[in-house]
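The values are calculated or read from the model by the stated rules, or taken from the named source; none is laboratory data. These numbers come from a predicted model, not from an experiment. Please note: Cβ atoms are built from the backbone with ideal geometry, for glycine as well, and neighbour counts cover all protein chains shown.
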């Protein structure tokens, strides 16, 4: 039998003796009763050292000492029962899973999300991840969006500035600032490259591409956006005059004109390219966009029917042309 159990068993007879002595009424018996009660309380408190939790011996001693005289035993028993009750059990943390099934920790889950988003960098799957509550998963999704650097990704990032999650708002704000800093630095480097060799067509095209990307990224609005579109037009025109990559630069120049709302200039370039390259799907795709921006949906349907047979199966241009051709027939 353990010493703690002996103390616990001894505390009850002592408490009974203290109550019996108290009934005598004489000063000597009262003093002896107090001494017996104190001894019983101390013995009971020490016996609770085997209970879980360091505070229970103190609690048991205090209850058995203060609830005096006749209820001391009841208080002692109550304290012991409280001490003996099992506390709430915490579920053990899951061990790291190397290959089996099990719940992932947040960092492992974030890494998995990053890998999956690297494989599929479309906006919609990323938006699905952004609806989750896991801040690490949102951070990974925002990082994947930042790799796109296009208007759709920036639109999603701007929407996250109003997300209920403070982590998502912070990540989105930092990512937008970083994107602007990155593009701004690339533009400065490209300007320096063009100034070092003004006759280099590749340096001029690189600068024009960055102007156009920045303008169409969704990071700019109003006059700032128009300024970079105009700068892109100027650089592409210089590249065309130098005879560099006519199709590529003419298409991008047309895109910049469309961004500025200069539909006539864009249409003129695209008509020239269409006559030179009648089977080029990118030319026809941008030409349909120009007609749509002009607002002539009837002409858009006519144009779509005319070029539909020239476009390769499965291409975006053919799908769009087929849709507009069908709309034109339905509306006829």
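Residue 151: under 17 Å from residue 218 (Cβ atoms) and either under 16 Å from the mean Cα position of the chain (by Cα) or modelled with pLDDT under 85 (or both), yes or no? Break it down into steps so the answer makes sense when it comes.
Details: under 17 Å from residue 218 (Cβ atoms): yes; either under 16 Å from the mean Cα position of the chain (by Cα) or modelled with pLDDT under 85 (or both): yes.
So residue 151 fits the description; yes.
Suppose we keep only residues that are exposed (fewer than 13 other Cβ atoms within 10 Å of the Cβ), under 17 Å from residue 283 (Cβ atoms) and at pLDDT 85 or above within segment 296-318. Which one would you say is farthest from the chain's Cα centre (by Cα)?
306
On the phi < 0 side of the Ramachandran plot and touching a residue at least 12 places away in the same chain (Cβ under 8 Å): which single residue out of 165, 177 fits that description?
165
Within segment 209-280, considering only helices (runs of 4 or more DSSP H) that don't extend past its boundaries, which have at least 3 residues that are under 28 Å from residue 193 (Cα atoms) and touching a helix residue (DSSP H, G or I) at 6+ places or on another chain (Cβ under 9 Å)?
Per the criteria, 222-241, 246-259.
So residue 220 fits all but one of (1) farther than 30 Å from residue 175 by Cα; (2) surrounded by fewer than 20 Cβ atoms within 10 Å (Cβ to Cβ); what number is the exception?
Looking at each condition in turn, residue 220 falls short on (1).
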